[in-house]
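The values are calculated or read from the model by the stated rules, or taken from the named source; none is laboratory data. Note that the structure is a prediction, hence the values are computed from the model and not measured. Neighbour counts run over all protein chains shown; Cβ positions are idealised from the backbone, glycine included. Accessible surface is based on the protein model in full, side chains and every heavy atom, while ligands, DNA and RNA are left aside. Shrake-Rupley method; radii C 1.70, N 1.55, O 1.52, S 1.80 Å.
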Amino acid sequence: MINLNIDGIDVSVEEGKTVLDAAKKINVKIPTLCFHEDLCIAGNCRVCVVEQEGAKGLIASCAMPAHEGMKINTNTLKVRRSRKHIIELLLSEHNADCTKCYKNGSCELQELANEYRTGNQVFLDLVQEKNYTIDQSSPSIMKDDSKCIRCQRCVRTCEQLQAVSALAVANKGGEMKISSFFDKPLHEVVCTNCGQCINRCPTGALIEVNNIEDVWDAIYDENKHVVIQTAPAVRIGLGEELGFNPGARVTGKMVAALKRLGFNSVLDTQFTADLTIMEEGTELLTRLKKALVDGDKSVHLPMTTSCSPGWVKFIEHTFPEFLDNVSTCKSPQQMFGALAKTYYAQKRNLDPKDIVSVSVMPCTAKKFEADRPEMTDSGYKDVDYAITTRELAIMIKQAGLDFMELEDNEFDSLMGDSTGAATIFGATGGVMEAALRTAYELVTGREVPFENLNIQPVRGFAGVREASIKIEDPVDDWKFLDGVELRCAVAHGLRNAKELMTSVKNGKSNYHFIEIMACPGGCLGGGGQPIPTNQEIRDKRAAAIYEEDMSLPIRKSHENPEIIHIYNDFLGEPLGHKSHELLHTKYVKRERY
Amino acid sequence: MAEKKQLKRVDIIFTEECNFKQVLSEALQRSDDEIIQSLLDSGLRGRGGAGFPTGMKWKFTAQEEADERFIICNADEGEPGTFKDREILFKVPYKVFGGMAVGAKVIGAKEGYIYLRGEYKFLLDDLQKQLDDFHKLLDELGLDFRIHIVTGAGAYICGEESALFESMEGKRGEPRNKPPYPTINGYKGKPTVINNVETLVYALTICRLGAERFKSLGTNDSRGSKVFSISGDTPIPGIYELELGMTLENFVEEFGDGDTKSVQVGGAAGFCVPRKDFKDTIIGFEGVPTGGSMMLFNSSRSMYNVIHNYLEFFEEESCGQCTPCRVGCQQLLLGVEAVKRGDKPISYLDELLKLTETMKLTAKCGLGQSVANSFASIVDNFKEEMIY
């Protein structure tokens, strides 16, 4: 342990901890901007400076390792004046149109400006000097350079967590800015729309393209029938924006709120998550049969999941040679959209042109996915608007609802029923677990051999996890799988995904099935989820997801009565003709920059 | 009263060595501890400007546990007004290589690098030829060491040691957080000695001649001699090796044009000394330190133009990563312009001086920290020129 003294208080921390960590331990708050728990240290904003006895200048507490005997003062004239100067300098470069800003009230710079009461503008306004631009090219992410404080959190997120590097630093001096390859619009570069940069941007420089007004317009349009689907991770995240602590399960209140907002039908993406399991599970078994029984060399294994649109765009850019390995299944959002304007329309006797299909997602890449030109198999745009968990929270506030006091309500029927297997889609490893629960049982007639159906090896937050499950004594249809060890891997965050796929590419691993989620933690840590995010928060959200799974009466996708019904009534069978038409898709190779 | 020396020309750096093989061979035969002790005894401090004791640098690096260590010659000579490293590399490159080889032996490096300023690419072919000869010499002497030349791309910041490592590693040239220092975590994260061109030549000389001769020159705080790049309003601009510890008065008598108003010591990152302070200002670490740049200004020069030029330089050459330097430099530049135009009151200069104080205290590297030096010394001493 290292012993130091901060503001006259003795404190001990483990070796390798910083002065900032030590200060936190004794509840001394040091302001930070470039620091983020998920990212490597930058030490570039300098707002966390403190005074160290004997040191020439001030030190950046986020970047300074604690050493034995250090004497630190966090509140001296020099410290206070310097911090205030730094905040004022940042404000002089910053387009402080706070009342018009999407991040008004949740901006870290605004909070500091308020704390330090930087009322009178001391320095010259540099905003006028710059040719700041707003990049509105992406359907998911809006980048406004005039709000940027160059903390590089987004750059580190994109490089360190996601291995995408769509965002990078360009130029130097006063011209220094966060840019993309040759300053091309975000929509033309390798950006996967994952939105992790948004989750870590301290200001309004990176925000989601919001569709709040579009959705309100649809709701108020009497000629439209507006259906909303809600993704699994929304129900364990939404509460954070509306007064609950991280990890609160607010499914019933969310449904109640959506009904109060005026949606005609409140349905569940989890229904199509279950459907995805039926389709994707069958696809996997079919690929295995072709490979193992028919000896078909053209079968592509391992098969990877396709529910994460950030992952799909990543593989299109980074590993186009593996596009045939990606499951052809559309994501649950898009399956839902295609069915909303076909099956649902038929059953409800509605003209699909009058249906507006809205999704609420923990994700910003879902906006891009909804806009993909191939996502129109219903004859219409399958999903009209994808809004984030954060956008929904704004709508709930706008409607004046006291969310915490709402009575729980239930999803409407017809595409509203789901299972625990669908809930866990929201956590990394969840799709794998749900698929194994169903596939194993389909093949052997027995439940997966894990206590309470909880397949622990695929859970948790290790970057890449592996599991294998031996198939013994299968039912007659699947005799060829007898003795086969089904090898699976799970990765979350695109850096881990890249590592896993590189090992597959180099022939170093021979999996049958791989689940990949673009975001750290899976959808629960999605780019559309409440801000802030860190490991502690993601742990709590994951715990909530698994609690929700345990609380549901049905926990296997193939036992969802509405799923059984839709196959009998409409789709026929998994991978059948109708499924192919509505529920499956294809991918395109994209450029590497 | 600090010890003062009279101006004295010295000839160490550029002396031709007729038997360089013997010089190097003798230096390499001394034990590592002996060499480090000589460097420590000599009082040699880095000649790039910051003045860190060279012996300590070598000692710390040698002490680190590591599978690999490097020695790097910082030839990214970018400080406005210095051009002495260019001359050293042009005239006596083998001495620089020799200093690196001795350093490599002491710290246990197998690879060394010369990071050559992008604008000095014209030296490259000749340097490479001489380097090939030098490698043959090393083979004869049995030292397993190779030097590679890497060129910069024109950014001033890459002369900052940790930004230089980043640049060499193929990354954007941005200074790192310190600690850890290069002696622990340098190029490729390995213990690294990084020395200025001139420092390496003095190190070789000290290895050969011992500490005493070097130590007999200069003052307590500033031992030895130093190569100066002298420019501006002087009838005899050029490169001079002088004993450290002379006063500016002494210096101006020799190099001034009879009308010297001020001398900028240490380049844009250094200090401006006005005529009234010449008498009491020593050129050296106890007074005004310099990496070699000495710019003389006579009464025909506007000090507003001088500081404006420096600020334009800093505003452009800041890497832009840390707030105080990136935004501070812009504010200073536009701020002096606004005062000059009359858009801001004279008292705004005081706000700017406070800002430079913050930059000095909080900037991440020497670039941002040293903007205060020229700004405060020019604005304080020539306030009327800032306004009228």
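Against the list (1) open to solvent by 10 Å² or more (accessible area, probe 1.4 Å); (2) part of a loop (DSSP other than H, G, I, E, B); (3) at pLDDT 95 or above, the condition A:E51 fails is (2).
Scanning the stretch B:328-375 for residues that are without any contact (Cβ under 8 Å) to a residue 60 or more places away in the chain, part of a loop (DSSP other than H, G, I, E, B) and either within 20 Å of A:Q52 (Cβ to Cβ) or at the interface with chain A (Cβ under 7 Å from one of its Cβ atoms) (or both) returns a single hit, B:A363.
Just one of the listed residues (A:I236, A:I228) is open to solvent by less than 10 Å² (accessible area, probe 1.4 Å), in a loop (DSSP other than H, G, I, E, B) and among the hydrophobic types (A, V, I, L, M, F, W, C), namely A:I236. Does at least one position in the stretch B:200-221 carry a residue that is within 17 Å of the chain's Cα centre (by Cα) and among the polar types (S, T, N, Q)? There is no residue in the stretch B:200-221 that is within 17 Å of the chain's Cα centre (by Cα) and among the polar types (S, T, N, Q).
Any residue at all in the stretch A:24-34 that is assigned to a strand (DSSP E or B), within 12 Å of chain B (Cβ to nearest Cβ) and among the aliphatic types (A, V, I, L, M)?
Narrowing the stretch A:24-34 to residues assigned to a strand (DSSP E or B): none.
Checking the stretch A:24-34: not a single residue is assigned to a strand (DSSP E or B), within 12 Å of chain B (Cβ to nearest Cβ) and among the aliphatic types (A, V, I, L, M).
None of A:N223, A:N210, A:N199, A:N193 is modelled with pLDDT of 95 or more, buried (at least 22 other Cβ atoms within 10 Å of the Cβ) and part of a loop (DSSP other than H, G, I, E, B) except A:N193. Selection over the stretch A:159-178 of residues that are within 14 Å of chain B (Cβ to nearest Cβ) and of a type in the set (A, V, I, L, M, F, W, C) gives a count of 6. Looking at the stretch A:73-91, is at least one residue open to solvent by 40 Å² or more (accessible area, probe 1.4 Å), among the small types (G, A, S), over 28 Å from A:T192 (Cβ atoms) and at pLDDT 95 or above? No: the stretch A:73-91 contains no residue that is open to solvent by 40 Å² or more (accessible area, probe 1.4 Å), among the small types (G, A, S), over 28 Å from A:T192 (Cβ atoms) and at pLDDT 95 or above. I'm trying to understand the selection: among the residues of the stretch A:168-190, which are open to solvent by 10 Å² or more (accessible area, probe 1.4 Å) and part of a loop (DSSP other than H, G, I, E, B)? A:N171, A:K172, A:S180, A:K184, A:P185, A:V190, listed by residue number. In the set (1) without any contact (Cβ under 8 Å) to a residue 24 or more places away in the chain; (2) open to solvent by 50 Å² or more (accessible area, probe 1.4 Å); (3) over 19 Å from A:K366 (Cβ atoms), the condition left unmet by A:N245 is number (1). Within the stretch A:94-145, the residues that satisfy the criterion of being surrounded by 17 or more Cβ atoms within 10 Å (Cβ to Cβ), away from every other protein chain (no Cβ under 14 Å), in contact with a strand residue (DSSP E or B) (Cβ under 9 Å, 6 or more places away or on another chain) and not in a loop (DSSP other than H, G, I, E, B) are A:D135, A:I141, A:M142, A:K143, A:D144.
Residue-wise test of (1) crowded, with 21+ Cβ neighbours inside 10 Å; (2) of a type outside the set (V, I, T).
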site: B:E79; (1), (2): yes, yes
site: B:F83; (1), (2): no, yes
site: B:R86; (1), (2): no, yes
site: B:G98; (1), (2): yes, yes
site: B:V102; (1), (2): yes, no
site: B:E111; (1), (2): no, yes
site: B:G118; (1), (2): no, yes
site: B:K121; (1), (2): no, yes
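If the condition is being within 20 Å of B:G159 (Cβ to Cβ), assigned to a helix (DSSP H, G or I) and either of a type in the set (F, W, Y) or facing chain A (nearest Cβ under 7 Å) (or both), then the stretch B:315-327 contributes B:E315, B:E316, B:E317, B:P324, B:R326.
In the stretch A:37-64, the residues that are of a type in the set (S, T, Y) reach residues that are at pLDDT 95 or above and part of a loop (DSSP other than H, G, I, E, B) with C-beta atoms within less than 6 angstrom, at least six apart or across chains, in these pairs: A:S61/A:I30; A:S61/A:C48. Looking at the stretch A:342-367 only, could you name the residues that are part of a helix (DSSP H, G or I), in contact with a helix residue (DSSP H, G or I) (Cβ under 6 Å, 6 or more places away or on another chain) and open to solvent by 10 Å² or more (accessible area, probe 1.4 Å)? The answer is A:P352, A:K366. Could you tell me whether B:S262 is in contact with a Cys (Cβ under 6 Å, 6 or more places away or on another chain), in contact (Cβ under 8 Å) with a residue 60 or more places away in the chain, of a type outside the set (A, V, I, L, M) and over 28 Å from B:A75 (Cβ atoms)? So B:S262 fits the description; yes.
Among residues of the stretch B:270-317 being open to solvent by 30 Å² or more (accessible area, probe 1.4 Å) and of a type in the set (F, W, Y), the one that is farthest from B:G49 (Cα to Cα) is B:F313.
Within the stretch A:472-499, being crowded, with 22+ Cβ neighbours inside 10 Å and under 12 Å from A:M517 (Cα atoms) holds for A:A489, A:V490, A:A491, A:H492, A:G493, A:L494, A:N496, A:A497. So, in the stretch A:288-309, of the ones that are open to solvent by 30 Å² or more (accessible area, probe 1.4 Å) and outside any loop (DSSP other than H, G, I, E, B), which residue ends up nearest to A:L436 (Cα to Cα)? Among residues in the stretch A:288-309 that are open to solvent by 30 Å² or more (accessible area, probe 1.4 Å) and outside any loop (DSSP other than H, G, I, E, B), the one nearest to A:L436 (Cα to Cα) is A:K289. The set of residues in the stretch A:115-151 being more than 16 Å from A:Q196 (Cα to Cα) and β-branched (V, I, T) consists of A:T118, A:V122, A:V127, A:T133, A:I134, A:I149.
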